[in-house]
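First up is the structure itself, then whatever we jot down about it.
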Amino acid sequence: MREAPINSFGYPGLNVLLPENIPMSVQTYSIIVASGRYVPSIVIKNSDFLQHEFFGADGLALTKTNEVIISQLEAITGIKERRYVTDDLVTSDIAYLAAREALESGRIDAELLDYIIVAHNFGDVSSQIPVSDMVPALASRVKHRLGIINPRTVAYDLPFGCAGWLQGLIQADGYIRSGEATKVLVIGAETLSRISDPHDRDCMIFADGAGAVVLEARESDVPIGILAHHSETFADELVFALKMGASNKPGFGVHRLFLKMNGHKVYEQVLKIVPGVIKKCIDKTDLSLKDIHKVLIHQANNKMDEAILKLLFELYEIKAIPDNIMPMTISWLGNSSVATLPTLYDLVSKANMPQQQFNKGEVILFAAVGAGMNVNAMVYKNV
């Protein structure tokens, strides 16, 4: 006897046993067939912030020395350096570059794409005029840059906080399983350096980058690709934990808005919320945490991600966390919002990270949290 596959959307309830001589029904699954990334060329080390003037949210200059401020941030976040784009690039440019690499690496004809989904939160922000430019949609700009003529290649943007790229995969999976699409390009791109307040110590967390994958429909009589997903939005007192606001330095950038974060509240609430959301996702499958080979979490804060992983294992009453289960890039790439997960996936899938790789048949857990407060998770079986 054997177990039937889980249903199309990963919900439980089909764990019935089938006789060996009855074939399993063929279903359509979403699999990742190509990936790409763009890592900006400018490396900003922690020492580059030694000359900054840092102010608190109250507008008063911080009394701690910059050496202490930087040391404390590195100890908590794990960030030693981050990447910024050059002045000539904007978000849609690096989204295009990551998309082009993904299409070329998978030898995919861009004209055959059914959807292009670009996850971002601030649009194109130029170095000369630092305001959000979202018209036309960044996805339409990427389609234009790729030279796609096919009008049936639908292009749209997805603002969903740092969890946007993963939500893009979830939407793409819905299109594929419904028969609406066979190939979907999902991109995550952001230039946070353009909207970071140089007088807020949180500016040291943020970075620029882009990553992309192509999802493709594939029929199988056993579960493969995206097995399950789960999303939740917490729009109570957490809704403005990340928001736009004035510079911490009085009088600086009077007509500009900068990204602001209540770091303490975010850290505290994320640990309460995210492990449970991840468990709900895993529980939609016939798998347990012991079946997960890799955990790819949005690279927001090294200490926070490690705490999420520890709490998740505690929910399953597992004491020992396997070595190398959670690859991290935050120490050298910083927090590039929607770009962290696709960049991380591309690095590991192409064996560009030491002691990290994906093997056929392994199960990968994706998870992200961001402004909104939006949280999501996805279970994926590698092919």
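The values are calculated or read from the model by the stated rules, or taken from the named source; none is laboratory data. Model, not experiment: these values are computed from the prediction. Note that each Cβ is placed from the backbone with ideal geometry, even for glycine, and that neighbours are counted across all protein chains shown.
Things worth noting here:
- In region 114-121 there is at least one residue that is surrounded by fewer than 24 Cβ atoms within 10 Å (Cβ to Cβ) and either charged (D, E, K, R) or farther than 16 Å from VAL186 by Cα (or both).
- Residue-level check: of (1) free of Cβ contacts under 8 Å to residues at least 40 places away in the same chain; (2) surrounded by 22 or more Cβ atoms within 10 Å (Cβ to Cβ), ILE282 misses just (1).
- Residue match in region 362-374 (condition: in contact with an Asp or Glu (Cβ under 8 Å, 6 or more places away or on another chain) and over 20 Å from ASN301 (Cα atoms)): yes
- Residue in region 127-161 that is surrounded by the fewest Cβ atoms within 10 Å (Cβ to Cβ), counting only those that are at pLDDT 95 or above and of a type in the set (S, T, N, Q): ASN150
- Every residue from region 332-383 that is over 16 Å from GLN167 (Cα atoms), of a type in the set (Phe, Trp, Tyr) and not in a helix (DSSP H, G or I): PHE358
- Residue list for region 37-58, restricted to those being assigned to a loop (DSSP other than H, G, I, E, B), out of contact with any Gly (no Cβ under 9 Å at 6 or more places or on another chain) and more than 22 Å from LEU89 (Cα to Cα): LEU50, GLN51, HIS52, GLU53, PHE54, GLY56, ASP58
- Candidates ASP87, ASP58 - the one that is farther than 26 Å from ASP305 by Cβ, of a type in the set (Asp, Glu) and modelled with pLDDT of 95 or more: ASP87
- Test result for TYR29, in a helix (DSSP H, G or I), in contact (Cβ under 8 Å) with a residue 40 or more places away in the chain and crowded, with 21+ Cβ neighbours inside 10 Å: no
- Filter result (in a loop (DSSP other than H, G, I, E, B) and closer than 22 Å to GLY370 by Cβ) within region 293-319: HIS298, GLN299, ALA300, ASN301
- Those residues of region 242-275 which are touching a Leu at 6+ places or on another chain (Cβ under 9 Å), surrounded by 15 or more Cβ atoms within 10 Å (Cβ to Cβ) and closer than 28 Å to HIS229 by Cβ, in sequence order: LEU242, LEU259, MET261, ASN262, LYS265, VAL266, GLN269, ILE273, VAL274, PRO275
- Scan region 238-286 for residues that are more than 21 Å from LEU311 (Cβ to Cβ), part of a loop (DSSP other than H, G, I, E, B) and modelled with pLDDT under 90 and the total you get is 5.
- Residues of region 323-377 classified as surrounded by fewer than 17 Cβ atoms within 10 Å (Cβ to Cβ) and out of contact with any helix residue (DSSP H, G or I) (no Cβ under 9 Å at 6 or more places or on another chain), total: 10
- Scanning region 218-236 for residues that are touching a Lys or Arg at 6+ places or on another chain (Cβ under 8 Å) and not in a strand (DSSP E or B) returns PRO223, ILE224.
- One residue alone among LEU169, LEU215, LEU185 is part of a helix (DSSP H, G or I) and buried (at least 20 other Cβ atoms within 10 Å of the Cβ), and that residue is LEU169.
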